[in-house]
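Working notes, structure below.
The values are calculated or read from the model by the stated rules, or taken from the named source; none is laboratory data. The structure presented is a predicted model; accordingly, all values stated were derived computationally and were not measured. Glycine gets a Cβ as well: all are built from the backbone with ideal geometry, and neighbour counts include every protein chain shown. Keep in mind that these areas ignore ligands, DNA and RNA; they rest on the heavy atoms of the full protein, side chains included. Shrake-Rupley method; radii C 1.70, N 1.55, O 1.52, S 1.80 Å.
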Amino acid sequence: MVIAMTIVNVGLSHRFAPAEMLEKLAVPMAELGEVLTRLHAVPSVDEVAVLCTCNRVEVYAAASGQADQVTRAIAGLVAARGRLPLGEILRVARIRVGGAAAEHLFSVACGLDSMAVGEEQIVAQIKAAARVAAAAGTTGPAITGLIDAALRASKRARTQTTISTEGISLARAGLDIAAAHLGGLADRHAVVLGTGSTGNLAARLLREAGVARLSVASRNATRATEVAAALRATPLLASDVPAVLADADVLVTAVGAAVPVLAAGPAQAARAQAGGRLLFVLDLGMPPDVDAAVGQLDGVTLVDLTALGRQLADLAVPGQVPQVRAIVAAETAAYMERRGQAAAAPVIAAMHAQITQLADAELTRLHHRLPDLSDAQRTETAATVHRILRKVLQPADRPGQRVLHRPGRAYLPRRAQTALRSQHR
């Protein structure tokens, strides 16, 4: 018996969860493998991936059990990891099942659910989530197919509309604030701590803005050197960052470590040598990379994701959003159709095999009862029976009747298709 898996999603994002909760629930990259293993061990969870960005923590799973039981167990693990009551998580989490889960991920991939609507960085983050889950051995055809479909939807939206060009990334929005605060970024000294997708984007945007000096820091010296070389920047170790803040104008952090990587003490010591020089700190980490006390130091302005979200809330929504939503709806329908076909195929094949076997058995009995039939007559009766079966099993595609069909596969009338889908949800 083939048991179809149901796609479920337990999601918490900036839209419904307070920043303090997201900080507690955020999963640093170094801990993601362990979290995936624990989620994969939940009864009835066959595949799982986690999408953790600066403003969301979402679990996507393929489950063979009852969706409500599975999602509650997942929410329980999420709550336990963040040391929060399960009831508090269930109050703000959004639980989505089947097509709703797929539609949400497609919307996320298209940038519709981002703090900065239309931003492209989410695509790299979804791809990274897929790679980590694959490396952890927690994904298979169901989740891989879901993510691939989401990325196809995103590609279509970004090529057929201007959602990407109308939108703005968090990094760009934050640097726009920095430029306004400092009177421009040209001729400034900027430091970027973090060499992931967000850090890379921030460093590239700073170089494009014409900063005079650009330093790129990482806890991995090799990685810092690689990124710095591509941007004509100076590589630094993360531990060297506080010392260079004495003559820096901009610091962008995008690490998302379990604890802040820049404490107030080292920052204060460096700023004592700044001679009144202003420092703008843009913290894009979740959890925050910078101790909040740094923002209280003389001459320092600290903007974190919460403050950035308030700024972005005042921006106009890109005009292409309705078109992108239409693309998401169409791609979701196509994805669910493919899942329906995949779920129905084994049932159809078994039905065809059983009916063909019954027909052959009846023909054998008929020929035994009528031994005087010639070979030609036996051939004709067999051909007639199988021709009737083909007409029954493969009805003509009449107007108003939808069928499931691919080359080499049997047709399935809409009524049977609906019944099969309801069994596999």
Quiz item: Residue by residue, what Karplus-based ³J(HN,Hα) values in Hz, rounded to whole numbers, does region 353-365 have, using 6.51, -1.76 and 1.60 with θ = phi - 60° and x for Gly and Pro?
Solution: 5, 5, 5, 4, 4, 5, 5, 5, 5, 5, 4, 4, 5
Quiz prompt | Where only C-alpha atoms are counted, convex hull volume of region 219-369 per residue in Å³ | solution = 240 Å³
Quiz item: Counting only DSSP beta bridges with both residues in the chain, what percent are antiparallel, rounded to the nearest 5?
Solution: 50 percent
Quiz item: Over what distance in Å are the Cα centres of region 195-227 and region 80-155 separated?
Solution: 27 Å
Exercise. Largest first and to the nearest Å, give the Cα extent of region 34-75 along each principal axis.
Key: 31, 20, 13
Self-check item: When the chain is reduced to its Cα atoms, the Kirkwood hydrodynamic radius in Å
Solution: 24.7 Å
Practice problem: For region 376-381, just list the computed ³J(HN,Hα) in residue order, Karplus coefficients 6.51, -1.76 and 1.60, θ = phi - 60°, integers in Hz, with x standing in for Gly and Pro. | Solution: 5, 5, 4, 4, 5, 5
Quiz prompt | Convex hull of Cα atoms in region 89-234, direction-averaged projection (nm²) | solution = 11.3 nm²
Self-check item: Accessible area per residue, Å², the chain with all protein chains present, probe 1.4 Å
Solution: 48 Å²
Quiz item: Taking amide H positions as placed 1.01 Å from N in the peptide plane, with prolines and chain starts having none, which residues 5 or more places from Met286, or on another chain, fall under 5 Å of its amide H?
Solution: Gly256
Quiz item: Looking at the square roots a ≥ b ≥ c of the eigenvalues of the Cα gyration tensor of region 99-147, which shape do they give, rounded for a/c under 1.5, prolate if a/b is larger than b/c, or oblate?
Solution: oblate
Quiz item: Ignoring ligands, DNA and RNA, what percent of the 1.4 Å accessible area of region 187-279 is carbon and sulfur?
Solution: 53 percent
Quiz item: So how much accessible area does Leu84 have, in Å² to the nearest 10, using a 1.4 Å probe?
Solution: 20 Å²
Quiz item: Using modelled backbone amide H atoms (1.01 Å from N, in-plane), which distant-in-sequence or interchain residues come within less than 5 Å of Val216's amide H?
Solution: Val192, Thr234, Leu236
Quiz item: With springs only between Cα atoms under 10 Å, which of Arg94, Arg232, Arg365 fluctuates most in a Gaussian network model of the chain?
Solution: Arg365
Quiz item: Under 30 Å Cα-Cα from Lys155, which lysines qualify once same-chain neighbours fewer than 8 residues away are excluded?
Solution: Lys127
Quiz item: Residue-wise, which Karplus ³J(HN,Hα) couplings in Hz belong to region 93-98, taking 6.51 cos²θ - 1.76 cosθ + 1.60, θ = phi - 60°, and x for glycine or proline?
Solution: 6, 10, 9, 10, 10, x
Practice problem: Leaving ligands, DNA and RNA out of it, report the carbon-plus-sulfur percent of the accessible area of region 1-42 at a 1.4 Å probe. | Solution: 59 percent
Quiz item: In the full protein assembly as shown, how much of Lys127 is accessible to a 1.4 Å probe, in Å² to the nearest 10?
Solution: 100 Å²
Self-check item: Calculated FRET value between Leu370 and Ala333, using beta carbons and R₀ = 41 Å, to 0.05
Solution: 0.20
Quiz item: If contacts are Cα pairs under 8 angstrom and at least 6 residues apart, what is the relative contact order of region 1-102 in percent?
Solution: 41 percent
Self-check item: Candidates Ala217, Ala130, Ala307: whichever shows maximal mean-square fluctuation once the chain is modelled as a Gaussian network with Cα springs under 10 Å
Solution: Ala307
Quiz item: What is the mean projected area of the alpha carbon convex hull for region 150-235, to one decimal in square nanometres?
Solution: 6.6 nm²
Quiz item: For region 84-154, which whole percent of the accessible surface, found with a 1.4 angstrom probe, sits on carbon and sulfur atoms?
Solution: 56 percent
Self-check item: Extreme residue, positive dipole direction of region 120-268, given options Ala203, Thr234, Ala153 (C-beta unit charges)
Solution: Ala153
Quiz prompt | Cα-derived Rg to Rh of region 84-166, Kirkwood definition | solution = 1.02
